[in-house]
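> Could you have a look at this structure, given as structure tokens, before my questions?
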Amino acid sequence: MQLQTLSPNGVIFDTNALSIFAKVSRLDLIQQIFTVPLYVTPAIKQELQAGIDKGITYLSDAMQLIDSGKVGMLIPNRADKRYMPKLPNDFGPGETEGMPLCHRLNMTFITRDKKAINVCLRENIGCIPLTDLITIFEQAQLLTSYEVSDMLA
């Protein structure tokens, strides 16, 4: 199974989405399924590192994907930074960097944050809600019910 996204240019995983796959040791699944490049932003990498620094060891697997280049890094440019004030002030750094990049580059944002999903819909930003992605993987029997329960806990 390969997953087609809303846009052909790539996918940005927010911190929570990437960490949930790391939590159940299934980062391999997102690498196998997506037919487009996978990315994070500097803020998302920093959020992962902050979790590692707090002792959340499974985040090291996500960091290793970034450090190895299997998940790329996209750095916001001036246009992205001008777009950021349009976003709600209470968004985390990952959403604040990732959503403008997806808007400018015609990419898809994967998040669990309902407010971010609603903004993506309103701003015409490609988005896959994390819960939908997990459901697709479970229905395709790529995730066990135990893994799904652990991911959504």
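> With a cut-off of 8 Å between alpha carbons and a minimum separation of six or more residues, what is the relative contact order of the range 11-152 in percent? Numbers along the way, then the final one.
Details: 182 pairs, mean separation 38.1, N = 142.
After rounding, I find 27 percent.
> Kindly write out, for the range 71-83 in residue order, the coupling ³J(HN,Hα) from the Karplus curve 6.51 cos²θ - 1.76 cosθ + 1.60 (θ = phi - 60°), rounded to whole Hz, with x marking Gly and Pro.
Going residue by residue, I get 10, x, 10, 10, 9, x, 9, 4, 4, 5, 5, 6, 6 Hz, with x marking Gly and Pro.
> Taking the Cβ of each residue in Lys70, Lys45 as the centre, tally the other Cβ atoms inside 10 Å and list the residues starting with the fewest.
Numbers: Lys70 13, Lys45 19.
Ordered from fewest to most neighbouring Cβ atoms within 10 Å, Lys70, Lys45 come out as Lys70, Lys45.
> If you build a Gaussian network model of the chain, linking Cα atoms that sit under 10 Å apart, which residue out of Thr15, Thr108, Thr35 swings the most?
Ranking Thr15, Thr108, Thr35 by mean-square fluctuation puts Thr35 first.
> Hey, what number do you get for the chain at 222 nm if only DSSP H runs of n ≥ 4 count, each worth -39500 (n - 2.57), divided across all residues, to the nearest 500? Could you put the intermediate results ahead of the total?
On the way: 9 runs with 84 residues, N = 153.
Rounded to the nearest 500, it is -15500 deg cm²/dmol.
> For Met63, Met151, Met99, what's the fewest-to-most ordering of other Cβ within 10 Å of each Cβ? Each step should come with its number before you reach the end.
Working: Met63 18, Met151 21, Met99 28.
By the 10 Å Cβ count, ascending: Met63, Met151, Met99.
> Pulled fully out, how much extra length does the chain show between Asn89 and Leu121, if you take 0.36 nm times their separation in residues and subtract their Cα-Cα distance? Write down the numbers at each step before the final one.
Details: separation 32, 0.36 × 32 = 11.52 nm, distance 1.77 nm.
Difference between extended and current length: 9.8 nm.
> For the range 11-152, evaluate the Debye formula with one uniform point scatterer on each Cα (no solvent term) and list log10 I(q)/I(0) at q = 0.10, 0.14, 0.17, 0.18 Å⁻¹, rounded to two decimals.
Treating every Cα as an identical point scatterer, log10 I(q)/I(0) equals -0.31, -0.62, -0.92, -1.03.
> For the range 11-152, what is the number of Lys pairs with C-alpha distance below 20 angstrom, counting only pairs 8 or more positions apart or on separate chains?
Value for the range 11-152: 9.
> Then there's this: When Ser68, Ser60 are ordered from fewest to most other Cβ atoms inside 10 Å of their Cβ, what list results?
Numbers: Ser68 8, Ser60 14.
Result, fewest neighbours first: Ser68, Ser60.
> Sticking with this structure for a sec: Which values, in whole Å and largest first, are the semi-axes of the equivalent ellipsoid of the range 67-136 obtained as the square root of 5 times each eigenvalue of the Cα gyration tensor? Write down the numbers at each step before the final one.
On the way: eigenvalues 68, 57, 23 Å².
Here the semi-axes work out to 18, 17, 11 Å.
> How long is the gain from Lys54 to Ser68 if the chain were fully straight, where each residue apart is worth 0.36 nm and the alpha carbon distance is subtracted?
On the way: separation 14, 0.36 × 14 = 5.04 nm, distance 2.23 nm.
Net length gain for the segment: 2.8 nm.
A short reminder: the numbers here are calculations on the coordinates, not readings from a lab. All values derive from a computational prediction rather than experimental measurement. Glycine gets a Cβ as well: all are built from the backbone with ideal geometry, and neighbour counts include every protein chain shown.
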